[in-house]
1. Modelled with pLDDT under 95, assigned by TED's automatic domain parsing to the domain that holds MET156 and not acidic (Asp, Glu): is that true of VAL378 in this structure?
2. Among GLY300, GLY294, GLY323, which is the only one that is within 22 Å of ARG105 (Cβ to Cβ) and either in contact with a strand residue (DSSP E or B) (Cβ under 9 Å, 6 or more places away or on another chain) or surrounded by fewer than 18 Cβ atoms within 10 Å (Cβ to Cβ) (or both)?
3. Of all residues in the range 298-329 being β-branched (Val, Ile, Thr) and over 17 Å from GLY114 (Cβ atoms), which is modelled with the highest pLDDT?
4. Which of the residues belonging to the range 133-149 are among the polar types (S, T, N, Q) and either loosely packed, with under 15 Cβ neighbours inside 10 Å or farther than 16 Å from SER191 by Cα (or both)?
5. Residues in the range 268-306 that are more than 16 Å from PRO215 (Cβ to Cβ) and in contact with an Asp or Glu (Cβ under 8 Å, 6 or more places away or on another chain): how many?
6. Would you check if there is a residue in the range 225-234 being hydrophobic (A, V, I, L, M, F, W, C), surrounded by 22 or more Cβ atoms within 10 Å (Cβ to Cβ), in contact with a Ser or Thr (Cβ under 8 Å, 6 or more places away or on another chain) and farther than 30 Å from GLN139 by Cβ?
7. Only one residue in LEU314, LEU355 is surrounded by fewer than 16 Cβ atoms within 10 Å (Cβ to Cβ) and part of a helix (DSSP H, G or I), so which one is that?
Amino acid sequence: MPCTCLIGGMATGLAGPGGGMATGQSLLAPASRILSSSLEQSGNRLEVRWAVSFTFASSTYGSCFGFREGFIQAVLGQDPLIQPELLISEIPITKSALQTVIKGRKDAVDIIMGTSDRLLVICGPCSIHDPATAVEYCQRLKTLSDKLSGDLCIIMRAYLEKPRTTVGWKGLINDPDIDETFKINKGLRVSRQLFCDLTSSGMPIASEMLDTISPQFLADLISLGAIGARTTESQLHRELASGLSFPVGFKNGTDGSLTVAIDAIGSAAAKHHFMGVTKQGLAAITRTAGNQHGFIILRGGTRGTNFDAENVKLTKESLAKKGQKQAIMIDCSHGNSNKDHRNQPGVAKSIGDQLRAGETSIIGAMIESNINEGNQKVPAEGPSGLKKGVSITDACIDWESTVATLEDLAEAVRARRKLNSAAQ
């Protein structure tokens, strides 16, 4: 329900002779709602502070608002956030997880830099809302990854935060119980434990860097990062990427623009100084060395798809003009699938055809996959009514389609390897 603010006018004005209010508007809050008030004079300005009763979603809160020239402070409150170092000590990285993370990072770097001819494949659910199902999916993917490891470097897509075009569920960290209770400390604990479980099984993971604080809690468990189309142009995210110890892919803009992603790669490669948060949870000035392992992710946009050979050629030329390495990952979902998950295998087939033709600039593919296809809305009874293995954000292809798609990509890599070897 919308909130009803019971104050309707400005509460400031210039102090007149004798301290009276020379100008200003009357307050429209009913007297019964006013809990307390005070006057503070600063120079020739009189500031009024009111504590008022505020009605929101059928509940009443006492909120203190400072009014200065009509400005209302909109923060309702702040809750303590666990320190990153404390959470890491509670849920430490295991030896096997550390080995998985290091190997995943090295394998990804080798492919991005061109020293390995395998294809880097980021594959997994659009977002994770059920850790137990995510572990089950991981077990299946690990078995398939081992089978195709000679041709594909598979890294599980493990996204815990979701950017929203307007509003909606923001992910496991933000609302782990999927009931709008926003138990973020619980979400961080659940997420870190999940990442430890996934990597301890031998599966490296990739995740989106959506905010600038959560990486302090989770980055030691991640082998590859992505910056989404909505945040690629953000200076904060470029600065963040410059200090990450793993490769980062930048998606083209939501309109399909390549420039914002290519500029982001260059920015993230540079050194930066910016305000950040330490492992102890303190504000600090962060200094970074720059990330030399950035790459572009083609995800389509409002102008259309961009996974075909002509768009790949255009992207190569655009990267070369900016002095960036020609390393291109293609997202089979989002704009490239026209937001229809059933089109993802077709996009992957186009990638395979380009590989078979000898294209070496395509270093990877991204696929949104789950145990079962499609997506679902959270039912009235809450998360207990959700179907197992079905996304609650973007629709995904099912496991059977995933296997067929990855096997076809592996065959395409072998064909490219054979073709390019014969040409040498």
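1. Working: modelled with pLDDT under 95: yes; assigned by TED's automatic domain parsing to the domain that holds MET156: yes; not acidic (Asp, Glu): yes.
When the stated conditions are applied, VAL378 passes them.
2. Exactly one of GLY300, GLY294, GLY323 is within 22 Å of ARG105 (Cβ to Cβ) and either in contact with a strand residue (DSSP E or B) (Cβ under 9 Å, 6 or more places away or on another chain) or surrounded by fewer than 18 Cβ atoms within 10 Å (Cβ to Cβ) (or both), namely GLY294.
3. THR305
4. Scanning the range 133-149 gives GLN139, THR143, SER145, SER149.
5. Residues that pass the stated criteria total 7.
6. Yes, the range 225-234 contains a residue that is hydrophobic (A, V, I, L, M, F, W, C), surrounded by 22 or more Cβ atoms within 10 Å (Cβ to Cβ), in contact with a Ser or Thr (Cβ under 8 Å, 6 or more places away or on another chain) and farther than 30 Å from GLN139 by Cβ.
7. LEU314
Listed here are the residues, each with its yes/no results for (1) more than 16 Å from ASP331 (Cβ to Cβ); (2) more than 14 Å from the chain's Cα centre (by Cα).
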site: LYS186; (1), (2): yes, yes
site: SER191; (1), (2): yes, no
site: GLY202; (1), (2): yes, yes
site: ALA206; (1), (2): no, no
site: ASP211; (1), (2): yes, no
site: HIS237; (1), (2): yes, no
site: PHE250; (1), (2): no, no
site: ASP255; (1), (2): no, yes
site: THR259; (1), (2): yes, yes
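The values are calculated or read from the model by the stated rules, or taken from the named source; none is laboratory data. Fair warning: this is a prediction, and the values are worked out from it, not measured in the lab. Reconstructed Cβ throughout: ideal geometry from the backbone, glycine too, with neighbour counts over all protein chains shown.
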